[in-house]
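Visitor: Sharing a structure, written as structure tokens. Questions coming.
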Amino acid sequence: MANVIYSIYVNIDQKDHDITHEGYPGDSLSKSERTRQAFKKYYQKLIDCKVEYAKVCNAEFILYENIEHYLEFSEGCKSILPSMSKYNIINFYKFYIADQLVEKYDNVLFLDFDVIPHTEESFFDVWDCQNNFVIATSPRSEISLDYLIRSGLEIHFRSPDAKRINSVLLLNEHGYSTDIEAYNTGIMGFSLKTNSQLNYFKDFSDIIKDMTNLKNDTSFPENVRGALGWDNETLFGFRSIQNDLPIQELDDRWHCIIEHKPRFKARLGHYIHKKFELYWK
């Protein structure tokens, strides 16, 4: 079978940063600027580690950094929602690429640019991408929409809980009443069969409008509206229920979040605070 691993690197200039006044714990730089600087500093190492892992998986590695290819997709998003952030567009872009790759490859693995493989074990030998959509999840709390409304608690719009609640509200708008996991699209394995079942971009402009209406719904208190947005993981969670997607969740042996200090290394480490020096000392 033909396998491929892909990742995306599109630089987000300072003028396009969507988080400008909040940093990672103990960091004086904003999250957006820390990401920009860390990606620039470790650019080649972040590519090389994925190239080497692709060899382990008997796969081709493709880095999508061609600005023309990205802009083609970006212009379509901007035509739907002119204010959509570059960060959100890049994260929708991973699914746009997925739709293209499954036409050529049997098994596809997406890795966020800040994911570092820690293993010599092939992803495709362990996970059944032919019959399941394999994806990471984020640890979830007991925070619910009802709790947000009652407590007035403010949560960050990029937090897993915000995205999960956003998915639940979107599902409610379409007649579904259910809770879901907090999916993390930083690591995803799939095939033509499972990606087709996901059907991510069906009626995309209408879904973005639904998200906009939810964010502007004044029947929700300000703290709830502040947690909502136009997020790729929100849409993934919605599609997973809408299309009855068969999902395999990556376990702790294969996925771990690495923040500001060293911890147990799973086979695929997601360095969300961009502290790559924890690995490349």
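Read the figures in this text as sums done on the coordinates, not as results from a lab. Model, not experiment: these values are computed from the prediction. Quick reminder, even Gly has a Cβ in these numbers, built from the backbone with ideal geometry, and neighbours come from all protein chains shown.
Visitor: Which length gain, in nm to one decimal place, applies between Asp99 and Lys202 when the Cα-Cα distance is subtracted from 0.36 nm times their residue separation?
Guide: The span from Asp99 to Lys202 would gain 35.9 nm if fully extended.
Visitor: Go ahead and set up a Gaussian network model of the chain, Cα springs under 10 Å, then flag whichever of Lys261, Lys45, Lys86 fluctuates most.
Guide: Maximum fluctuation in the GNM of the chain, among the listed residues, is at Lys261.
Visitor: Per-residue ellipticity at 222 nm for the chain, helices alone: DSSP H runs ≥ 4 residues times -39500 (n - 2.57), over residue total, nearest 500 deg cm²/dmol?
Guide: -12500 deg cm²/dmol
Visitor: Take each of the peptides 132-143, 148-159, average the number of other beta-carbon atoms within 10 Å over its residues, and list them starting from the highest.
Guide: Highest mean packing first, the order is 132-143, 148-159.
Visitor: Using the number of other C-beta atoms within 10 angstrom as an exposure proxy, rank Asp99, Asp231, Asp125 with the fewest first.
Guide: Fewest to most other Cβ atoms nearby, the residues stand as Asp125, Asp99, Asp231.
Visitor: Using the Karplus curve 6.51 cos²θ - 1.76 cosθ + 1.60 with θ = phi - 60°, work out ³J(HN,Hα) for each residue of the stretch 203-216 in order, rounded to whole Hz, and write x for Gly and Pro.
Guide: 3J(HN,Hα) across the stretch 203-216, in whole Hz: 6, 4, 5, 5, 5, 4, 5, 4, 4, 4, 4, 5, 5, 9.
Visitor: Give me the log10 of I(q) over I(0) for the stretch 58-109 at q = 0.16 Å⁻¹, as the Debye formula computes it from C-alpha points; what are the numbers?
Guide: Summing over Cα pairs of the stretch 58-109 leads to -0.52.
Visitor: Residue-wise, which Karplus ³J(HN,Hα) couplings in Hz belong to the stretch 151-168, taking 6.51 cos²θ - 1.76 cosθ + 1.60, θ = phi - 60°, and x for glycine or proline?
Guide: Values per residue, Gly and Pro as x: 8, x, 4, 9, 10, 5, 5, 9, 6, x, 5, 4, 5, 5, 5, 4, 4, 4 Hz.
Visitor: Further question: For Tyr279 and His156, what is the calculated FRET efficiency with R₀ set at 22 Å and r taken between the beta-carbons, to the nearest 0.05?
Guide: It comes to 0.30.
Visitor: Need one number: % antiparallel among DSSP beta bridges in the chain, to the nearest 5.
Guide: The answer is about 40 percent antiparallel.
Visitor: Please give me the summed charge of the neighbours of Arg140: other residues whose Cβ is under 14 Å from its Cβ, Lys and Arg +1, Asp and Glu -1.
Guide: Net charge around Arg140: -4.
Visitor: How compact is the chain by the rule of thumb for globular proteins, expressed as Cα Rg over 2.2 N^0.38 Å?
Guide: 0.97
Visitor: Below 8 Å, C-alpha to C-alpha, sequence gap of six or more: please give me the relative contact order for the chain in percent.
Guide: Answer for the chain is 23 percent.
Visitor: On a 18 Å Cα-Cα criterion, which of the cross-link pairs Lys215/Lys274; Lys94/Lys202; Lys45/Lys274 come out too long?
Guide: Lys215/Lys274
Visitor: For Glu60, list long-range residues whose amide hydrogen, built 1.01 Å from N in the peptide plane, is under 5 Å from its own amide hydrogen.
Guide: Long-range HN contacts for Glu60: Asn3, Val4, Ile5.
Visitor: Here's another thing I want to ask about it. Tell me, Phe95, Phe220, Phe236 in order of fewest to most beta-carbon neighbours within 10 Å?
Guide: In order of increasing Cβ crowding within 10 Å: Phe220, Phe95, Phe236.
Visitor: Another question, then. First measure r as the distance between the Cβ atoms of Glu68 and Asp128, then evaluate 1/(1 + (r/R0)^6) with R0 = 30 Å and state the FRET efficiency to the nearest 0.05.
Guide: With R0 = 30 Å, the Cβ-Cβ based efficiency is 0.30.
Visitor: Applying the Karplus parametrisation 6.51 cos²θ - 1.76 cosθ + 1.60 with θ = phi - 60° to the phi angles of the stretch 126-134, what ³J(HN,Hα) value in whole Hz is obtained for each residue in order, glycine and proline being reported as x?
Guide: Computed from phi, the couplings for the stretch 126-134 are 9, 10, 8, 6, 6, 10, 9, 8, 8 Hz.
Visitor: Taking the Cα centre of the chain as origin and charging only Cβ (+1 Lys, Arg; -1 Asp, Glu), how large is the dipole, in debye to the nearest 20?
Guide: Approximately 760 debye in magnitude.
Visitor: Follow-up. For Lys163, what charge total do you get from the other residues with a beta carbon under 11 Å from its beta carbon, if Lys and Arg give +1 and Asp and Glu give -1?
Guide: -1
Visitor: Determine the sum of side-chain charges near Pro221: Lys and Arg each +1, Asp and Glu each -1, restricted to other residues whose C-beta is under 14 angstrom from that of Pro221.
Guide: Charge balance near Pro221 sits at -1.
Visitor: Under 5 Å between amide hydrogens, which residues at least 5 positions from Gln248 or on another chain qualify, with H placed 1.01 Å from N in the peptide plane?
Guide: Phe133, Val134, Ile135
Visitor: Let me ask something else about it. Have a look at Phe133, Asn213, Ile165 and report the one farthest towards the positive end of the charge dipole of the stretch 124-281, computed about the Cα centre with Cβ charges (Lys/Arg +1, Asp/Glu -1).
Guide: Among Phe133, Asn213, Ile165, the one farthest towards the positive end of the dipole of the stretch 124-281 is Phe133.
Visitor: Sticking with this structure for a sec: Per residue Cα convex hull volume for the stretch 158-281, in cubic angstrom?
Guide: Here the figure is 129 Å³ per residue.
Visitor: Points 7 angstrom from Cα along the Cβ direction at Asn172 and Lys40: gap in nanometres?
Guide: In this crude label model, Asn172 to Lys40 measures out at 4.3 nm.
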